Amino acid sequence: MRPGPGPRPVVQVLRLGRLPYAAGLELQRRGVRRHLEARGEGRAEPRPPPPHALLLCEHEPVYTVGLRRGPYPQAEEARLRRLGAAFHRTERGGLVTFHGPGQLVCYPLLDLRALRLSLRAYVAELEETALGLCRRFEVQARRSPDTGVWVRDDKICAIGVHCGRFITSHGLALNCNMDLTWFDHIVPCGLEGKGVTSLSRELNRDVTVEEATGPFLEAFEEQFQCTLTFSEGGIS
């Protein structure tokens, strides 16, 4: 839980629906740019900071790879593309993973300096948020030395973030009712001998992204001690 006196921070929630991964990247870049320009970085004059934001979406099928362990082999990229998914190299932490329909993706655009959070504490708060969501569904999940949230040795929520000049991007992906066979073609997050699971698999019923979103936002608001507001517009 975020310590410290003062008013609760306000976080604007934007529900974007299903969109290609590249579109999600562009929206994140615009949001980060707004924060930096508000500080007067670049040519813009300083102005009041934009609100913290949560971008919620699902993605069309896509494999993504983070910054660890150097370049991803071109032959592997071509193999994954032949499966019918897009492929993107990203600036987040972590290794290869998959995003697709039936997965709740959350991209927090937060100013950690304003929230008085270190990067390590921020990642821990994201993990605790996902654990809070799982508790609301009575799924017995846990943290482990490996980043993310786990049910036994199966990952139910992947976390990979980027933070530059205290502004966060990328975030977490919670498996709701997605087709988990997409993960059969990779070693998810580079963890040999580990699997993946979903809310639907654990509860033996269909749990949609829509059903999971409300409890997720409740858990986020509780964990970050913030006030959520909702916007129908996008990031300009």
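Laboratory data are not the source of any read-out in this text; all were calculated from the coordinates shown. Bear in mind the structure is a predicted one, so any value in this text is a computation, not a measurement. Every residue, glycine as well, gets a Cβ built from its backbone with ideal geometry; the counts of neighbours run over all protein chains shown.
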By how many nm would the segment from Asp184 to Glu210 lengthen if fully extended, with 0.36 nm per residue of separation less the alpha-carbon distance? 6.8 nm
Using a Förster distance of 22 Å, how high is the FRET efficiency between Leu36 and Arg89, based on the Cβ-Cβ distance and rounded to 0.05? 0.45
Filtered GluC sites (Glu not before Pro), region 187-236: DSSP coil and at most 14 other beta carbons within 10 Å: Glu192, Glu232
Quick check on region 13-231: of the DSSP beta bridges with both residues there, what percent are antiparallel, nearest 5%? 65
Enumerate by residue number the trypsin sites (Lys or Arg not before Pro) in region 10-114 meeting two conditions: DSSP loop (anything except H, G, I, E, B), and at most 12 other Cβ atoms within 10 Å of the site's Cβ. Arg43, Arg69
Which trypsin sites (Lys or Arg not before Pro) in region 128-229 pass both tests, a DSSP loop state and at most 13 other beta-carbon atoms within 10 Å? Arg152, Arg165, Arg205
